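Here's the structure we're looking at; comments come further down.
What follows is calculated from the coordinates using simple rules that are stated; it is not laboratory data. Just so it is clear, the model here is predicted, and its values are computed rather than measured. When we count neighbours, we look across all protein chains shown, and the Cβ atoms used for this are built from the backbone with ideal geometry, even at glycine.
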Amino acid sequence: MAVSSLSRMTVPLASNQSTPSQGLLMPKLKYRFRVTFQNFGVSQPVTELTKQVIDFTRPSVEFAEIALPIYNSTVKLAGKYTWADATCNIRDDASGAVSRLVGEQLQKQLDFMEMASAASGIDYKFLTVFEVLDGGNGTSVPVALETWELYGCYLKSVNYNDLNYGTSEAATITMNITFDNANQVAGEGVGTLIGRTVGDVASGVGV
């Protein structure tokens, strides 16, 4: 098969949209990623968590619906947004570094021994950075293809999961992370500066 034919292995578009030999874009791969936590727990370094991550869910946002019943129809507008919680599964290492960090973060949110809570959110909230990488390593420094920053994070729930004589799997801890806001850095999408479009509000046109 001629190598040039590989450039046609994609969805054909109209001639006025692109060239017929545009080729297919390289996809981002699920297993090339990195998660880092800032101001998480107390012990250092927190990179022990990064090295033990199994999986992480990318942000998911939903807008509440505002329905305006009008005459024979209904107009729908976007209301307040809500970011869904992120889930992170990590391996529980034999040295106890991971479970110690998770426990410290929980203690920052609430001292379970003394039953004393933090005075304010800034005392326990942390920053989570999620990066999709290009596969580089060692002398070939990895390049971040996509970077998310999750602000105002705290652990909504932690599951230390089960132990089982009948398996040969690593012990894991599941963290359910809730956060206030998320942005993609460097103008990659969410958070990019886009001028607000202001319609003719005074006349009511543009609903």
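Stretching the chain fully between Thr147 and Gln44 yields a gain of 34.7 nm (0.36 nm per residue, less the alpha carbon separation).
Computed extension length for Glu104-Thr57: 14.6 nm, one decimal, from 0.36 nm per residue of separation with the Cα-Cα distance subtracted. Farthest towards the positive end of the charge dipole of the chain, among the residues Val11, Ala182, Thr139, is the Cα of Val11, using unit charges on the Cβ of Lys, Arg, Asp and Glu. Treating r as the C-beta distance of Asp134 and Ile70 and R0 as 41 Å, the FRET efficiency rounds to 0.25. Calculated on the Cα set of the chain, radius of gyration then Dmax: 23.3, 72 Å. Projected label points at Asp111 and Leu6, each 7 Å from Cα along the beta carbon direction, are separated by 6.3 nanometres. Placing +1 on the Cβ of every Lys and Arg and -1 on the Cβ of every Asp and Glu, with nothing else charged, gives the chain a dipole about its Cα centre of roughly 620 debye.
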